[in-house]
Structures are given as structure tokens and as C-alpha cells.
Amino acid sequence: MQDRYGRIIEYMRVSVTDRCNLRCVYCMPPEGVESIPHSEILTFDEIERVCRIGARLGITRIRLTGGEPLVRRNLPELLGRIKRIEGIEQVCLTTNGILLSDYIDELVSNGMDGVNISIDTLDEEKYRHLTRGGDLRKALRGLEDALSYPQLHVKVNCVPLDNSGGKDWISLAGLARDSRTDVRFIEMMPVGLGKNFRGKNREEILAVLSREFGRFEEYSGRLGSGPAVYVRFPGFQGRIGFISAVSHRFCDSCNRIRLTSAGMLKPCLQYGAGADLRKLMRGGEADEQIEAVMRETIFYKPACHHFADRENMTEEERRLIEEKEMSKIGG
Ligand code: SAM
Ligand code: SF4
């Protein structure tokens, strides 16, 4: 459906848990976040119901995320249930990859269309430090196993933090040279602990990569459901993408909404506002009522975020700023 600014909203990111098996420095504090009790997390039936109603409103693509979605028991079953909903064309997953090898067969047999694996560095020691204990070899095994399914669209997402002359960016981009992986650099957003870090922008990274890999070809237009801008270097199998929410705001063409693990439907990442669908479902509301609330939430999606220009926020927007960690919202 269209929101009040005429944007077509067709993509929903669904967080299935706020728990995670890693503690990335810009996403979670070392002790982890206080977990939402199980009873407050949406059940599979409830998630499926929201997706079904979303499909009636024009949602065609779903991405399962978290926290770490693969720590939620029976995730492939949920994926299959969503994939079978009439109107849902694509179901993808965003994961840190640590458990991916264990579940990839089941995820694919349940209809997964694509997987994004978050890897910020290919240096084992640095990875362990950034994730506070993660084993890079497991994430890379997950990537390799995902690539063994030719029908699967595979991307690696990196939130660049590198201050060492871009060595990490060059080695990560190498994955797109050596395999059909698209490698995307995602600018740090000032959400949760991300506020403590300075993001790296597209221009800084491209300057480093083009010194290493030569002249790139630009893609005009977009690929997939997201806001990434892509380039390709000579001889590369995969593309290099940039998602630069702060330095290159793309709110005019935003097509997404988010469902948190506790059942809040959020129309924009920057604001805490949203509709409490769990309360409605557990209060016995009919599908029609929930659909009406979802329709209104989508319709009134904010025009834009103000990550880079807080001074332009209205008083109302300032009051609504999201204070939760990314793992709780569903990045
Ligand atoms: N655990 C899964 C993973 O790491 O892919 C899924 C959830 S995680 C919150 C989704 C993505 O959000 C990851 O690629 C992570 O690097 C990114 N992320 C977390 N905090 C961020 C921030 N402040 N700005 C930009 N991206 C962020
Ligand atoms: Fe976990 Fe993903 Fe956050 Fe890292 S970015 S702590 S893997 S939720």
C-alpha cells in the first residue's frame, strides 16, 4: 500500500528475537541486553498472522532478523510458514552466520530466497574482539555453505569501523571478486550503541577500493528490496554495495516497516513510535481490526529520519526518538 507521501510499502523486516550469540561492540553491551521474557515475544502463530495481514496490505517481501534469528528454535519452520502465505514472494534472512551451517539445508528446503551474513572483518583476532568472542571460521563456513546453493542470493554486510587504512574493506571486497557474493558496506547509524561510533561513508571506502581494484562501473537504479547503491570492479563476480542512511538519506524511496520481536509495528527506525500488535492480538481483536491499525501505521510513516540533522527535528519528533539497541529493534 502507499503511505501518505505516496511511497509504496512492500517490505517488512521481522525480528524474531532480541537475543544473540554475539556481542558486537556497536550493537550490544558486553553483558548482553536484558532479554524480553518469552511470554512477551510473539509466537510463530502471531508472527505468521501479522505477515498474512501484511500481505493483504501489499507486503510481498519479508526479512527475518533479530537479535540473532538462528538462536530462535525452529526458525526454518517459521520461514516456511511465512513463505507459504499468499502474496509473499520472498523470504530472506539476516544472520551473523555463526549457526548458518547447522540450518542452511532446512532453511533452503523451506523456501529461503536469500541470506545476508554480517561479517565486519576477515581478521580472526579483530573479529573476536569486535564480536566479543565470535569465531570467524564459523561465519565463513556458513557463507561457504550458503554459496553452495546456486539459487540462493548471498550477501555479506559489513559495518565498517576500520581505522587501519582500509585493509578490512579490501579483504572483504575480495569476497565479491572470488565468489558470487555481493558485499555491502553499511554506514553506522546513531541508533543504540552505534551512537558511540563514527561511521565510514561511501566515498571514503570507494577511494580505498578503487586504489586497490581499479575503476569501477556504476549501477544506475536499485537492485533488490533495499536502498543499496551498487558498483562493480573489473573481474569481480559479485557487486559492491553501499547503504548510507546517514550521509545519503534515502527516506524518499523507503519501502519498509519493521515488526519487533515483542510485536511493535514500527514505521521508521529512528522513532520509538509504533502500533502494539501483540496487545491487539492477545486482546482478541479480529484480523480486520489489526489490518486497520497496520494500515494507519503505514499510512502515517514519518517523512524521514533526522540522523544527520537533529536540529531540523520538530518537538514531537524529538520526543519520539528511539532509545533501544539495534538488536531490540531488529536491524
Ligand atoms: N544478528 C544478525 C546480524 O548480525 O546480521 C541480525 C541482526 S543485526 C542487528 C542486523 C545488522 O544490523 C547487522 O549487519 C549489524 O551489523 C547491523 N547493525 C547493528 N547496529 C547497527 C548500527 N548502529 N548502524 C548500522 N548497522 C547496524
Ligand atoms: Fe548480535 Fe547482530 Fe547485534 Fe552482532 S549485530 S550483536 S550479531 S544482533
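Taking (1) among the hydrophobic types (A, V, I, L, M, F, W, C); (2) buried (at least 20 other Cβ atoms within 10 Å of the Cβ); (3) closer than 24 Å to residue 113 by Cβ; (4) at pLDDT below 90 in turn, residue 223 satisfies each apart from (2). Suppose the filter is within 16 Å of ligand 2 (Cβ to nearest atom), surrounded by 21 or more Cβ atoms within 10 Å (Cβ to Cβ) and over 18 Å from residue 13 (Cβ atoms); does residue 185 pass it? When the stated conditions are applied, residue 185 passes them.
Within 16 Å of the chain's Cα centre (by Cα), closer than 24 Å to residue 27 by Cα and of a type outside the set (Phe, Trp, Tyr), is that true of residue 113? Steps first, answer last, please.
Values: within 16 Å of the chain's Cα centre (by Cα): yes; closer than 24 Å to residue 27 by Cα: no; of a type outside the set (Phe, Trp, Tyr): yes.
Considered against the rule, which asks whether it is within 16 Å of the chain's Cα centre (by Cα), closer than 24 Å to residue 27 by Cα and of a type outside the set (Phe, Trp, Tyr), residue 113 comes out as no.
Among the residues of the range 14-30, those identified as farther than 20 Å from residue 135 by Cβ, more than 9 Å from ligand 1 (Cβ to nearest atom) and not hydrophobic (A, V, I, L, M, F, W, C) are 17, 18, 29.
The residues of the range 226-252 that are closer than 17 Å to residue 183 by Cα, assigned to a loop (DSSP other than H, G, I, E, B) and either modelled with pLDDT of 80 or more or more than 16 Å from ligand 2 (Cβ to nearest atom) (or both), listed by number, are 226, 227, 228, 233, 234, 235, 236, 237, 238, 239, 244.
Looking at the range 111-207, the helices (runs of 4 or more DSSP H) lying wholly inside it that each contain 1 or more residues that are more than 16 Å from ligand 1 (Cβ to nearest atom), closer than 23 Å to residue 218 by Cβ and β-branched (Val, Ile, Thr) sit at 167-178.
The values are calculated or read from the model by the stated rules, or taken from the named source; none is laboratory data. The model shown is predicted, which means the values in this text are computed figures rather than measured ones. Positions of Cβ are generated from backbone atoms using ideal geometry, with glycine treated the same way; all protein chains shown enter the neighbour counts.
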